[in-house]
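Peer 1: Got a structure for you, questions after.
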């Protein structure tokens, strides 16, 4: 069964083309015009086990907000499309990732209900790394949750450097996704007493 999606989205602010394979190996190219965001998408693809191609152009003269948020919306939409009726998936995934002095934890429920709890404990400083505004980590998670119709809890548990905290957060998100989207050989239907995770 192929669990793939190809989506294009164009607005007055951005143009995104994205191809996703949930059962990949981290292959693909990511080009958004935001250097650190490209790196974060590389980490996400590699640690989630997704093949992911992203081509994004946006109004970077105003900052990277629109490019990051819209890419997140398209990625979440692609995840939902690739999951289809969500039959046989594990549904839940959790991961805690250390990166030197930083540590982040993520918990995901592919519930069909978009909801986000984001807590950086006041540790993540304001600023920009490689064109990526630090507060956009939360915006990216909110965008993915909205269109993948998922509950995502992401917490930055400790850290000093923004670079390490953001990378730990993305790796935790990726590793939790890797588990949640995986096929459970013991699951015969949709893992829900409602019988659906898409409505």
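Peer 1: Being buried (at least 18 other Cβ atoms within 10 Å of the Cβ), at pLDDT 95 or above and either at positive phi or part of a loop (DSSP other than H, G, I, E, B) (or both) is the filter here, so list the residues in the stretch 100-113 that pass it.
Peer 2: 110
Peer 1: Ok, one more. Could you grab me the full set of residues in the stretch 178-199 that are assigned to a loop (DSSP other than H, G, I, E, B) and within 16 Å of residue 107 (Cβ to Cβ)?
Peer 2: Result: 181, 182, 191.
Peer 1: Anything in the stretch 146-155 that is under 23 Å from residue 67 (Cβ atoms) and surrounded by fewer than 24 Cβ atoms within 10 Å (Cβ to Cβ)? List them, or say none.
Peer 2: 146, 147, 149
Peer 1: For residues in the stretch 81-99 being touching a helix residue (DSSP H, G or I) at 6+ places or on another chain (Cβ under 7 Å) and part of a loop (DSSP other than H, G, I, E, B), which is nearest to residue 135 (Cα to Cα)?
Peer 2: Residue satisfying both the conditions and the ranking: 91.
Peer 1: Would you check if residue 6 is at pLDDT 95 or above, farther than 24 Å from residue 135 by Cβ and surrounded by fewer than 17 Cβ atoms within 10 Å (Cβ to Cβ)?
Peer 2: Answer is yes for this residue.
Peer 1: Kindly establish whether residue 164 is at pLDDT 95 or above, touching a strand residue (DSSP E or B) at 6+ places or on another chain (Cβ under 9 Å) and either part of a loop (DSSP other than H, G, I, E, B) or farther than 25 Å from residue 42 by Cβ (or both).
Peer 2: So residue 164 does not fit the description; no.
Peer 1: Please verify whether the stretch 71-79 includes one or more residues that are touching a helix residue (DSSP H, G or I) at 6+ places or on another chain (Cβ under 8 Å), at pLDDT 95 or above and more than 24 Å from residue 167 (Cβ to Cβ).
Peer 2: For the stretch 71-79, residues touching a helix residue (DSSP H, G or I) at 6+ places or on another chain (Cβ under 8 Å), at pLDDT 95 or above and more than 24 Å from residue 167 (Cβ to Cβ): present.
Peer 1: What is the one condition in (1) in contact (Cβ under 8 Å) with a residue 40 or more places away in the chain; (2) within 14 Å of residue 86 (Cβ to Cβ) that residue 141 does not satisfy?
Peer 2: Single failed check for residue 141: (2).
Peer 1: A further question on this structure: So which of 59, 70, 51 is closer than 23 Å to residue 9 by Cα and more than 16 Å from the chain's Cα centre (by Cα)?
Peer 2: The unique qualifying residue is 59.
Peer 1: Go through 52, 44, 20 for me and flag whichever is modelled with pLDDT of 95 or more, under 20 Å from residue 138 (Cα atoms) and buried (at least 16 other Cβ atoms within 10 Å of the Cβ).
Peer 2: Answer to the check: 44.
Peer 1: Filtering the stretch 130-145 down to residues that are in contact with a helix residue (DSSP H, G or I) (Cβ under 6 Å, 6 or more places away or on another chain) and part of a helix (DSSP H, G or I), which residue is farthest from residue 177 (Cα to Cα)?
Peer 2: Within the stretch 130-145, the match that is farthest from residue 177 (Cα to Cα) is 136.
The values are calculated or read from the model by the stated rules, or taken from the named source; none is laboratory data. A quick note: this is a predicted structure, and the numbers were derived from the prediction, not measured. Every residue, glycine among them, receives a Cβ derived from its backbone with ideal geometry; neighbour counts consider all protein chains shown.
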